[in-house]
1. When you scan segment 16-23, do you find a residue that is in contact (Cβ under 8 Å) with a residue 12 or more places away in the chain and open to solvent by 50 Å² or more (accessible area, probe 1.4 Å), even just one?
2. Identify, please: which residue in segment 228-253 is in contact with a Gly (Cβ under 6 Å, 6 or more places away or on another chain) and in a helix (DSSP H, G or I) and is, among those, surrounded by the most Cβ atoms within 10 Å (Cβ to Cβ)?
3. If only one of 212, 238 is at pLDDT below 85, of a type outside the set (Phe, Trp, Tyr) and out of contact with any strand residue (DSSP E or B) (no Cβ under 6 Å at 6 or more places or on another chain), which one is it?
4. When only residues in segment 254-272 that are surrounded by 20 or more Cβ atoms within 10 Å (Cβ to Cβ) and farther than 24 Å from residue 97 by Cβ count, which is modelled with the lowest pLDDT?
5. Filter segment 198-227 down to residues that are hydroxyl-bearing (Ser, Thr, Tyr) and more than 16 Å from the chain's Cα centre (by Cα) and give me whichever is surrounded by the fewest Cβ atoms within 10 Å (Cβ to Cβ).
6. Quick test for you: out of 108, 87, pick the one residue that is acidic (Asp, Glu) and within 30 Å of residue 223 (Cα to Cα).
7. Touching a Ser or Thr at 6+ places or on another chain (Cβ under 8 Å), at pLDDT below 75 and hydroxyl-bearing (Ser, Thr, Tyr) - does that describe any residue in segment 282-297?
8. Tell me which helices (runs of 4 or more DSSP H) are completely within segment 287-337 and hold 3 or more residues being under 24 Å from residue 42 (Cβ atoms), open to solvent by 40 Å² or more (accessible area, probe 1.4 Å) and in contact with a helix residue (DSSP H, G or I) (Cβ under 8 Å, 6 or more places away or on another chain), or say none if there are none.
Amino acid sequence: MHSQRNKVTGILVSFAALVIIIAGLRTAQTLLVPFLLAFFISIICAGPFFWLRQHRVPAAVALLLVIAVVMLGGLAVLTIIGTSVNDFTSQLPLYERQLRSQTLVLVDWLNSHGFQISRQLLFEHFDPGSIMQYAGRMLSAVGGVLTNSFLILLTVIFILFEAAGMPDKLRAALSDADTSLASYERFVKGVRKYLVIKTLISLVTGLIVTVGLTLIGVDYALLWGLIAFLLNYIPNIGSIIAAIPAVLLTLIQLGPLHALGAAGLYLFINVIMGNAVEPRLMGKSLGLSTLVVFLSLVFWGWVLGPVGMLLSVPLTMIMKIALEVNPQTRWLAILLGSDVPEKLPADKNDDESASETT
């Protein structure tokens with residue numbers, strides 16, 4: 001009885017500690033988000049940095065080359081966001097009015113064909129103009145985070161310098177250094193593989209969206225390509241979220257036929273990149289279930305704001321990879337995954353132990 005009471009007390013204490021940690025993360029989101037962005041950027045940059053070091057490039061020169069590329073990319077993103085977001089935000093009231101008027105035309109057409117829909121009830125529960133407002137708020141939030149680019153850049157530099165000596169520190173600090181170092185290397189390689197492949201696929205997705213919408217004639221095609229690049233980090237539903245404001249703007253600007261063409265472009269990209277290219281490069285072992293993706297999107301968006309929605313899946317993927325490394329928590333990683341393994345690790349260990357006894 002006493003042991004059971006201690007177990008319940010331990011669970012309650014752990015839950016209370018988790019609530020306090022989540023509240024702290026939400027309170028510190030202004031400070032935390034730039035450092036999380038720096039952490040992800042440094043993981044992506046670590047591959048080229050160590051590749052240059054292996055080819056006998058001095059550490060300072062290798063770091064300068066990598067940081068120069070990061071600065072050029074960040075400057076390009078800031079330029080796109082700074083010019084396009086201001087123009088798009090200034091045009092938002094016009095787009096909202098046009099979208100509402102087209103929605104009313106559609107409602108009148110449905111009412112004339114026997115589908116009775118109340119205008120007041122429709123706009124109380126679904127305001128099409130709010131979608132465009134949300135897209136503008138998300139872009140403004142991303143632009144606000146990137147204003148801390150100097151802090152992010154400094155953090156990336158220090159992380160890259162620190163990463164080179166991390167294995168030696170683990171050997172000196174831990175008694176079972178070899179096991180811990182192997183787990184650390186598996187974790188870093190898994191996170192790096194995911195982020196590098198996801199970044200390349202997102203970059204290609206953004207380029208295709210930009211070129212396709214430019215050919216269709218949609219305004220701010222470069223901005224919608226940037227949104228497609230960012231939201232492609234959210235699998236399954238990210239491409240849908242990215243497509244909605246672009247397709248609605250195409251409907252407002254060019255009409256239904258061009259809007260169908262824009263929707264077809266996003267559908268084609270989602271089928272090719274999301275269902276063919278990405279699983280082939282990434283492998284099924286790094287997949288997350290659709291429910292976990294949606295819950296992580298809601299949770300991290302609530303904790304860290306709009307930028308947290310962009311970081312939700314990478315953060316959850318890091319948790320999943322970390323759980324996979326430890327045999328005691330591997331069952332949690334299986335629950336987070338999208339596929340059921342053919343044979344659970346525990347069963348495999350039992351078979352190996354049985355074969356050793358025989």
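1. We begin by selecting, within segment 16-23, every residue in contact (Cβ under 8 Å) with a residue 12 or more places away in the chain; these are 22.
Among the residues that remain, those that are also open to solvent by 50 Å² or more (accessible area, probe 1.4 Å) are: none.
Checked segment 16-23: no residue is in contact (Cβ under 8 Å) with a residue 12 or more places away in the chain and open to solvent by 50 Å² or more (accessible area, probe 1.4 Å).
2. Quick first cut of segment 228-253, residues in contact with a Gly (Cβ under 6 Å, 6 or more places away or on another chain) only: 228-229, 231-232.
Next cut, in a helix (DSSP H, G or I) only: 228-229, 231.
Working: 228: 26, 229: 21, 231: 21.
Among those that are in contact with a Gly (Cβ under 6 Å, 6 or more places away or on another chain) and in a helix (DSSP H, G or I), it is 228.
3. On the way: 212 fails: at pLDDT below 85.
None of the other options fit; the residue is 238.
4. At the first step, the residues of segment 254-272 found to be surrounded by 20 or more Cβ atoms within 10 Å (Cβ to Cβ) are 259, 262, 265-266, 269.
Subsequent filtering for residues that are farther than 24 Å from residue 97 by Cβ retains 265-266, 269.
Values: 265: 90, 266: 89, 269: 86.
By that ranking, first place goes to 269.
5. Filtering segment 198-227 for residues hydroxyl-bearing (Ser, Thr, Tyr) gives 199, 202, 205, 210, 214, 220.
Those left that are additionally more than 16 Å from the chain's Cα centre (by Cα): 210, 214, 220.
On the way: 210: 19, 214: 13, 220: 21.
So, considering only residues that are hydroxyl-bearing (Ser, Thr, Tyr) and more than 16 Å from the chain's Cα centre (by Cα), the one surrounded by the fewest Cβ atoms within 10 Å (Cβ to Cβ) is 214.
6. Working: 108 fails: within 30 Å of residue 223 (Cα to Cα).
Of 108, 87, the one residue that is acidic (Asp, Glu) and within 30 Å of residue 223 (Cα to Cα) is 87.
7. Step one: of segment 282-297, the residues touching a Ser or Thr at 6+ places or on another chain (Cβ under 8 Å) are 284, 287-290, 292-293, 296-297.
When the remaining residues are screened for being at pLDDT below 75, the result is 284, 287-290.
Restricting the remaining residues to those that are hydroxyl-bearing (Ser, Thr, Tyr) gives 289-290.
Within segment 282-297, one or more residues are touching a Ser or Thr at 6+ places or on another chain (Cβ under 8 Å), at pLDDT below 75 and hydroxyl-bearing (Ser, Thr, Tyr).
8. Working: elements: 290-304, 306-325, 330-336.
Ranges flagged: 306-325.
The values are calculated or read from the model by the stated rules, or taken from the named source; none is laboratory data. Everything numeric in this text was worked out from a predicted model, so none of it was measured. Glycine gets a Cβ as well: all are built from the backbone with ideal geometry, and neighbour counts include every protein chain shown. Keep in mind that these areas ignore ligands, DNA and RNA; they rest on the heavy atoms of the full protein, side chains included. Shrake-Rupley method; radii C 1.70, N 1.55, O 1.52, S 1.80 Å.
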